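**Student:** First the structure, which I've put down as structure tokens, then a few questions once you've had a look.
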Amino acid sequence: MTPDFAGNLKNALEKALSGLSTLEKLNRLSGGASQETWAFDAIVNGERLPLILRRSPGGAPRVIGEGSAAVALATEALAIEAARKTGVKAPRVHYVLKPEDGVGEGYVMQRMVGETIARKILRDAEFDAVRTDLARQCGEVLARIHQVDVASLKDHLPVVDGAAQLRQYRDRYDSYDYPHPMFELAFKWLEPRLAASRQRTLVHGDFRHGNILISPEGVEAALDWELVHIGDPLEDIGWICTNSWRFGQRDKVVGGFGDLKDLLAGYEAAGGAKLAIDDVRTWIVYGSLKWGVMCMGMYQGFRMDGSVERAAIGRRSSETEIDLVNLIIRGEI
Amino acid sequence: MMDQPSMLELVAAVRAFIEERAMPELKGHTAFHARVAANALGIVVRELEQGPKAQGEEIQRLTALLGRDGTLDELNRELCRRIRSGDITLETPGLADHLERTTRDKVAIDQPKYSGLK
């Protein structure tokens with residue numbers, strides 16, 4: 001079935017894609033009530049252009065999760081384009097929707113080819129050859145993101161530094177009112193360390209499996225920029241190294257596919273700063289604590305909708321507690 | 001005294017029914033959620049089997065650490081308060097050991113195959 005906005009979308013895209021004749025195969029990929037992702041092809045001068053539409057219908061502000069730090073879709077598009085200018089691999093944004101287009105808030109971007117599912121990237125034979133190089137390539141992508149000139153983005157993006165991040169999750173944890181002594185210890189451990197965080201760069205905010213597009217040739221793009229902000233670049237490094245994203249391959253610190261030393265080498269080779277392992281560990285601790293508090297939030301969601309999936313994720317907060325034991329008490333990574 | 005079957009046997013029977021009979025008949029999202037439901041019953045089975053011993057030991061350690069009696073909930077809340085205030089730290093004898101043992105016991109119930117447990 002053709003969605004009601006298809007005609008308006010075509011009219012809007014005629015401004016950006018000269019020679020556009022038709023839109024084909026428009027179909028919904030995912031999304032909740034406030035955020036939709038659609039795939040479609042634009043036929044431009046007889047050529048088929050694969051595209052993605054990200055939109056919130058009626059321009060309604062999106063709700064991604066409780067206390068979410070998501071930016072507006074138009075801001076997300078702005079950050080992606082700024083990053084692409086610095087050489088970051090990301091989908092090209094073709095058009096940012098305007099209110100008068102009548103399609104809602106959002107943007108149209110290039111649809112790229114690759115895989116985002118961790119299980120396939122970590123196990124399928126077609127990724128065997130490239131897998132050992134992925135950590136280095138992720139380091140390169142992150143180094144470029146962190147070198148984006150934020151001057152043009154300053155007025156649009158929130159500044160969320162280490163101390164602010166911790167406060168945000170402390171408040172969330174407190175609001176759930178359920179005792180987790182290991183989380184308390186992690187908050188206490190992180191407080192002075194994150195208060196010392198001084199760097200301010202563009203931060204992707206959610207660079208992990210699911211949001212990294214990978215092909216048998218390597219890392220193709222950083223996707224899903226909705227949590228983009230200005231903050232400490234180590235946040236991105238710590239997040240991709242958090243054990244929750246290693247999918248059982250704990251010895252492969254980076255996303256379950258690579259070594260930290262390779263990520264750091266790629267980071268430096270692409271112009272990134274030389275990073276200390278202890279600082280990376282601090283932000284892995286933050287990543288585990290953050291995911292642990294998010295799991296507690298899943299239980300709150302379960303109490304609203306009774307979802308067995310949310311209930312099960314609620315019980316995964318203990319996984320992050322053992323990760324915190326390994327990091328803080330045992331000094332492992 | 002309740003009659004047979006035991007709680008453990010009932011839960012195990014429901015889990016086996018989901019995995020062996022229901023799941024092969026299901027598709028897509030519903031099949032995925034049936035897998036999640038069966039795994040959740042796995043948590044219940046392990047908690048029934050391992051929970052009493054683990055919680056008994058947890059309450060003993062907390063009593064020694066805090067120097068007072070109370071329910072598991074009361075003692076855990078007090079431990080949280082005292083970690084937050086800085087009264088109890090990693091240097092406090094028994095804290096690191098308590099946190100590690102308690103967490104290992106929890107994960108052994110929730111997700112015994114989790115990589116962090118190895």
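Rule-based calculations on the coordinates, nothing more; no lab input. This is a predicted model, so every value here is computed, not measured. Neighbour counts are summed over all protein chains in view; Cβ atoms, including those assigned to glycine, are modelled from backbone coordinates with ideal geometry.
**Student:** What whole-number distance in Å separates the alpha-carbon centres of region A:117-164 and region B:3-53?
**Tutor:** Cα centroid of region A:117-164 versus Cα centroid of region B:3-53: 39 Å apart.
**Student:** Taking the highest mean first, how do the peptides A:114-125, A:321-332 order by number of other beta carbon atoms within 10 angstrom per residue?
**Tutor:** Per-residue Cβ counts within 10 Å, averaged per peptide and sorted highest first, yield A:321-332, A:114-125.
**Student:** How tilted is helix B:28-66 with respect to the longest principal axis of chain B? Cα atoms for both, answer in degrees (0 to 90, nearest 10).
**Tutor:** Helix B:28-66 sits roughly 30 degrees off the main axis of chain B.
**Student:** Just from its helices, what would the mean residue ellipticity at 222 nm be for chain A, if runs of 4 or more DSSP H residues each count -39500 (n - 2.57) and the sum is divided by every residue, rounded to the nearest 500 deg cm²/dmol?
**Tutor:** For chain A, the value works out to -12500 deg cm²/dmol.
**Student:** Would you mind checking which residues have amide H under 5 Å from A:R111's amide H? H placed 1.01 Å from N; only 5 or more apart, or other chain.
**Tutor:** Those qualifying (amide H under 5 Å, at least 5 residues apart or on another chain) are A:L51, A:I52.
**Student:** Which helices of chain A meet both criteria: a Cα extent of 24 Å or more along the helical axis and a mean Kyte-Doolittle score no lower than -0.5, with helices taken as whole DSSP H segments?
**Tutor:** Length and hydropathy pass: A:277-305.
**Student:** Now for a different question. Which of A:K25/A:K98; A:K188/A:K261; A:K252/B:K27; A:K261/B:K118 have a Cα-Cα distance over 25 Å?
**Tutor:** As for pairs spanning more than 25 Å Cα to Cα, those are A:K188/A:K261; A:K252/B:K27.
**Student:** Which value in nm describes the separation of the simple spin-label points at B:H33 and B:L90, placed 7 Å from the Cα toward the beta carbon?
**Tutor:** 4.3
**Student:** Pick from B:G51, B:G70, B:G42: which is most flexible by mean-square fluctuation in a GNM of chain B where alpha carbon atoms under 10 Å apart are linked?
**Tutor:** Answer for the Gaussian network model of chain B: B:G70.
**Student:** Could you please report the charge total around A:I322, scoring K, R as +1 and D, E as -1 over all other residues with beta-carbon less than 14 angstrom from its beta-carbon?
**Tutor:** On the way: positive: A:R246, A:R250, A:R315, A:R316, A:R330, B:R101, B:R104, B:K106, B:K113, B:K118; negative: A:E319, A:E321, A:D323, A:E332, B:E100, B:D105, B:D110.
With Lys, Arg at +1 and Asp, Glu at -1, the net is +3.
**Student:** Can you list, bin by bin at 10 Å, the percent of alpha carbon pairs in chain A, starting at 0?
**Tutor:** Here the calculated profile for chain A is 5, 24, 32, 26, 10, 2, 0.
**Student:** Could I ask something else about it? Using 1/(1 + (r/R0)^6) with R0 = 56 angstrom and r between the beta carbons of A:A164 and B:Q4, what's the FRET efficiency to the nearest 0.05?
**Tutor:** E(calc), rounded to 0.05, equals 0.45.
**Student:** Oh, and also: Please build a GNM for chain A, connecting alpha carbons under 10 Å apart, and tell me which residue among A:V103, A:V113, A:V203 fluctuates the most.
**Tutor:** A:V113
**Student:** Do the sum for chain B: with -39,500 (n - 2.57) for every DSSP H run of n ≥ 4, divided by all residues, what is the mean residue ellipticity at 222 nm, to the nearest 500 deg cm²/dmol?
**Tutor:** Using -39500 (n - 2.57) per qualifying helix, the result is -23000 deg cm²/dmol.
**Student:** Counting Lys and Arg as +1 and Asp and Glu as -1, each charge on the Cβ, what is the dipole of region A:85-168 about the Cα centre in debye, to the nearest 20?
**Tutor:** 180
**Student:** Taking the simple approach of a point 7 Å from Cα along Cα-to-Cβ for both A:D133 and B:T71, what is their distance in nm?
**Tutor:** Inter-label distance under the simple model: 6.0 nm.
**Student:** Can you give me the distance in nm between label points at A:K85 and B:E25, each placed 7 Å from the Cα along the Cα-to-Cβ direction?
**Tutor:** It is 6.0 nm.
**Student:** Report the local net charge at A:F207: Lys and Arg +1, Asp and Glu -1, summed over other residues whose C-beta lies under 13 Å from its C-beta.
**Tutor:** Result for the neighbourhood of A:F207: -3.
**Student:** Rank the residues B:E78, A:E105 as a footprinting-exposure proxy: fewest other Cβ atoms within 10 Å of their Cβ go first.
**Tutor:** B:E78, A:E105
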